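Below you'll find the structure, written out as structure tokens, and then a few comments.
The values are calculated or read from the model by the stated rules, or taken from the named source; none is laboratory data. Keep in mind it's a predicted model, so treat the numbers as computed, not measured. Every residue, glycine as well, gets a Cβ built from its backbone with ideal geometry; the counts of neighbours run over all protein chains shown. Each accessible area value is taken on the protein alone, full model and side chains, heavy atoms only, with ligands, DNA and RNA left out. Shrake-Rupley method; radii C 1.70, N 1.55, O 1.52, S 1.80 Å.
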Amino acid sequence: MTEASVMLSFDINGIKQCQRNRYPVLLIDQVVDVVPGKSAKGIKCFSYNEWYFPGHFDDEPNVPGFIQIECLVQTFIMTFLCLDEYKGKKTNFASINNVKFRRKIVPGETLIIDAELKSLKRGLASGSVSSTVNGEPACSAEFVVTVPDVFSAFKPR
């Protein structure tokens, strides 16, 4: 088995070692089946105790779209932030495209997120992410994310 084909898993402490998100915006609970530089699977278990449910909405709680997108991108960045040369670096959105919301997500449900890194060059990462709840499509998007520490070295001056 080559080094590139080794799968990794990260609990919350491992995720914190790789990415800079922290409470209250570190949303994903686990990242499993990570093939560094290629793919990752994230898990987010939604509990009614989440800070946004009372306001979205008290009579019919469901996960806001921006929370779903953030869960997707946090899984996506783990495809490359687990690599030694990127570990712990800040990231920024460059673009979010083709976002699709397929179903409502409510307290008690678990979002399974599949991320694929299509390209990582000069601190610019692109890829696609899709998610499911109980096997049903939930949301998906395509991302372009920068790693400013790397990307800035390639900007024209």
In nm, give the distance between the simple-model label positions of S119 and L8, each being 7 Å from the Cα along the Cα-to-Cβ direction.
2.4 nm
For the stretch 121-157, list residues with backbone N below 13 Å from a point placed 7 Å from the Cα of K90 toward its Cβ?
146-152
Nearest 10 degrees, 0 to 90: helix 65-81 Cα axis against the chain principal axis:
30 degrees
Among G14, G55, G42, residue whose mean-square fluctuation peaks in a GNM of the chain (springs only between Cα atoms under 10 Å):
G55
Total charge dipole magnitude, the chain, about the Cα centre, Cβ charges on Lys, Arg, Asp, Glu only, Debye to nearest 20:
780 debye
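What is the ratio of the Cα radius of gyration of the chain to 2.2 N^0.38 Å, where N is its residue count, to two decimals?
It is 1.04.
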1.4 Å probe accessible area per residue over the chain, in Å²:
54 Å²
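Normalised by the residues of the stretch 102-155, what does the relative contact order come to in percent, with Cα pairs under 8 Å and at least six apart?
That works out to 33 percent.
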What list of ³J(HN,Hα) values in whole Hz, one per residue of the stretch 132-137 in order, does the Karplus curve 6.51 cos²θ - 1.76 cosθ + 1.60 (θ = phi - 60°) give from phi, with Gly and Pro shown as x?
9, 10, 6, x, 8, x
Among the aspartates and glutamates, select those whose C-alpha is under 17 Å from the C-alpha of K90, and discard any that sit fewer than 8 residues away in the same chain.
E70, D149
Would you work out the relative contact order for the stretch 17-157, in percent, from Cα pairs under 8 angstrom that are 6 or more residues apart?
27 percent
